Amino acid sequence: MDTKKKILDVALTLFSEKGYGNVYVGQIAEGVGIKAPSLYKHYKCKQDIFNAILDEMRERYNQKAADLNLNGDDILMDSEVCKNASEDDLVKMGAGLFSFFLHDEYECKFRKMLTLEQFSDKELAGLFSNQYFDEPLKYQSGMLQFLIMQGKLKGDDADIMALQFFSPIYLLMTVCDRQPKREKECLQKLERHIRQFSRIYKGEDK
């Protein structure tokens, strides 16, 4: 593993264990096995390391989305995929993304860090809300609105539909974070949730 990547891995591990605010560059350097001046050759400061972690997470997410034939960023492209997806396809995509966020080393450690920091750091609290509330709901609302307009789903309030869809998924993920042994149970509930949501809102083609 190259030094730049190792710095990110060590930093994120420390952030998830101690909280972002309680970790110093010297501790990260020590964990990597280098001196602080050597670390600064790769990253200017702790914030620079944090930004690089965000970039790494985005790359990992984009790769997983591509593996599921999704774009991950483009609402219209992903809406087209979901428009013709079967119920089984939707379950596969949902379970795939759920498992990614649950098991990807960066995603789960970053979520743990945000959980620790949400009551002491306003900026990280805002990032937490953006990461696990604002952005997912905005994205899913956009997709659902497209599918409603295409006659693929019934409904007239895509924002509330997105909330109904995403909230149980996030809740199941937090259960798995606290009690990993319940993952199988949560995956079963996830599948039932996706199937029920699809059947409730499925519309007729125009």
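The values are calculated or read from the model by the stated rules, or taken from the named source; none is laboratory data. Since the model is a prediction, treat every value here as computed from it, not as a measurement. As a convention, Cβ positions derive from the backbone with ideal geometry for all residues, glycine included, and neighbour counts pool all protein chains shown.
Taking the stated definitions as given, is ARG111 crowded, with 18+ Cβ neighbours inside 10 Å and of a type in the set (Lys, Arg)?
Yes.
Where residues in region 116-138 are part of a loop (DSSP other than H, G, I, E, B) and free of Cβ contacts under 8 Å to residues at least 12 places away in the same chain, which of them is farthest from PHE166 (Cα to Cα)?
Going residue by residue through region 116-138, those that are part of a loop (DSSP other than H, G, I, E, B) are 118-121.
Checking which are free of Cβ contacts under 8 Å to residues at least 12 places away in the same chain leaves us with 118-119.
Working: GLN118: 20, PHE119: 23 Å.
Within region 116-138, the match that is farthest from PHE166 (Cα to Cα) is PHE119.
Would you check which residues across region 11-32 are over 21 Å from the mean Cα position of the chain (by Cα) and aromatic (Phe, Trp, Tyr) and list them?
TYR24
What helices (runs of 4 or more DSSP H) lie completely within region 12-114 and have 1 or more residues being acidic (Asp, Glu) and more than 22 Å from ASN130 (Cα to Cα)?
So the answer is 25-32, 46-67, 75-83, 87-103.
Please state which one of PHE119, PHE165, PHE146, PHE133 is under 17 Å from PHE197 (Cα atoms) and surrounded by fewer than 20 Cβ atoms within 10 Å (Cβ to Cβ).
When all the criteria are applied, what remains is PHE146.
Find the residue count for region 161-185, including only residues that are free of Cβ contacts under 8 Å to residues at least 40 places away in the same chain and acidic (Asp, Glu).
Qualifying residue count for the region: 1.
Scan region 85-128 for residues that are of a type in the set (Lys, Arg) and under 15 Å from LYS18 (Cβ atoms) and report the count.
Of the residues in region 85-128, the ones of a type in the set (Lys, Arg) are 92, 109, 111-112, 122.
Okay, now just the ones that are also under 15 Å from LYS18 (Cβ atoms), so 109, 112.
Adding up the residues that qualify gives 2.
Looking at (1) modelled with pLDDT of 95 or more; (2) surrounded by fewer than 18 Cβ atoms within 10 Å (Cβ to Cβ); (3) in contact with a helix residue (DSSP H, G or I) (Cβ under 7 Å, 6 or more places away or on another chain), which one does ASN71 not meet, given that it meets all the others?
(1)
For residues that are of a type in the set (Phe, Trp, Tyr) and more than 17 Å from the chain's Cα centre (by Cα), scanning just region 161-206, find the one that is modelled with the highest pLDDT. Explain how you work it out, then say what you get.
At the first step, the residues of region 161-206 found to be of a type in the set (Phe, Trp, Tyr) are 165-166, 170, 197, 201.
Remaining after also requiring more than 17 Å from the chain's Cα centre (by Cα): 197, 201.
Values: PHE197: 96, TYR201: 93.
Top of the filtered list is PHE197.
Which of the residues spanning region 28-41 are surrounded by 15 or more Cβ atoms within 10 Å (Cβ to Cβ) and either in contact (Cβ under 8 Å) with a residue 40 or more places away in the chain or not hydrophobic (A, V, I, L, M, F, W, C) (or both)?
Within region 28-41, GLU30, GLY31 meet the criteria.
What tally of residues in region 136-194 results from selecting those that are in contact with a Pro (Cβ under 9 Å, 6 or more places away or on another chain), under 16 Å from VAL91 (Cβ atoms) and hydrophobic (A, V, I, L, M, F, W, C)? Can you show your working first?
Keep residues of region 136-194 that are in contact with a Pro (Cβ under 9 Å, 6 or more places away or on another chain), which gives 162, 166, 169-170, 189-190, 193.
The next check asks that each one be under 16 Å from VAL91 (Cβ atoms); those that pass are 166, 169, 189-190, 193.
Cutting the leftovers down to hydrophobic (A, V, I, L, M, F, W, C) gives us 166, 169, 190.
Count: 3.
Test of understanding: among GLY155, GLY142, which residue is under 27 Å from LEU76 (Cα atoms), in the same structural domain as ASP78 (by TED's automatic domain parsing) and outside any helix (DSSP H, G or I)?
Only one candidate passes the filter, namely GLY155.
Suppose the filter is under 18 Å from LYS202 (Cα atoms), surrounded by fewer than 18 Cβ atoms within 10 Å (Cβ to Cβ) and assigned by TED's automatic domain parsing to the domain that holds GLU123; does LEU76 pass it?
Details: under 18 Å from LYS202 (Cα atoms): no; surrounded by fewer than 18 Cβ atoms within 10 Å (Cβ to Cβ): yes; assigned by TED's automatic domain parsing to the domain that holds GLU123: yes.
When the stated conditions are applied, LEU76 does not pass them.
Please specify each residue of region 49-101 satisfying the condition of being polar (S, T, N, Q) and at positive phi.
ASN69
Exactly one condition in (1) more than 20 Å from the chain's Cα centre (by Cα); (2) touching a residue at least 60 places away in the same chain (Cβ under 8 Å) is false for ALA158; which is it?
It fails just one condition, (2).
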